[in-house]
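K.L.:
Input: one structure, supplied below.
The values are calculated or read from the model by the stated rules, or taken from the named source; none is laboratory data. This is a predicted model, so every value here is computed, not measured. Virtual Cβ from ideal backbone geometry, glycine too; neighbours counted across all protein chains shown. Keep in mind that these areas ignore ligands, DNA and RNA; they rest on the heavy atoms of the full protein, side chains included. Shrake-Rupley method; radii C 1.70, N 1.55, O 1.52, S 1.80 Å.
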Amino acid sequence: MLVCSQIKMARAALDWNISELASEASVSISTVKRVETPEGFAKATAANLKLIKQTLEQAGVEFIGSADEGPGVRLWKQP
C-alpha cells in the first residue's frame, strides 16, 4: 500500500521536482503537493494516485514495505 512519504522519497530518488512529477504523471502541481501530505493523500482520488504511482514505477521506482513495517522505495534504474 502506497503512503504519502513514499511519493516524496521516490521523487527524491529520481531527482525530480514537484513540477517534473506533475508533468510526467499528467496531474497538476497542486495535486502532487497535496498527495505528499497525510491530509491531502487521504483525500486524493484513486485515479490521481494511480497515475502518480505508475509514473514513478515506470521511471524505475519500486515501492516496498507497508505503513506498519516502514514504507520505502527502491530505485531499479537511473533516469
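K.L.:
Considering only residues that are out of contact with any Gly (no Cβ under 7 Å at 6 or more places or on another chain) and open to solvent by less than 70 Å² (accessible area, probe 1.4 Å), look in the stretch 54-66 and name the one that is farthest from ALA13 (Cα to Cα).
P.N.:
That would be SER66.
K.L.:
Follow-up. Is it the case, given these coordinates, that GLU69 is of a type in the set (D, E, K, R), in a loop (DSSP other than H, G, I, E, B) and surrounded by fewer than 13 Cβ atoms within 10 Å (Cβ to Cβ)?
P.N.:
Answer is yes for this residue.
K.L.:
Moving on to the next point. Give the residues of the stretch 30-65 that are aromatic (Phe, Trp, Tyr) and assigned to a helix (DSSP H, G or I), sorted by residue number.
P.N.:
Within the stretch 30-65, just PHE41 meets the criteria.
K.L.:
Kindly list the number of the only condition in (1) out of contact with any Pro (no Cβ under 8 Å at 6 or more places or on another chain); (2) assigned to a helix (DSSP H, G or I); (3) in contact (Cβ under 8 Å) with a residue 24 or more places away in the chain that fails for VAL27.
P.N.:
Condition not satisfied by VAL27: (2).
K.L.:
While we're here: Can you give me the number of residues within the stretch 26-62 that are over 12 Å from CYS4 (Cβ atoms), out of contact with any helix residue (DSSP H, G or I) (no Cβ under 7 Å at 6 or more places or on another chain) and among the hydrophobic types (A, V, I, L, M, F, W, C)?
P.N.:
Residues meeting the conditions: 2.
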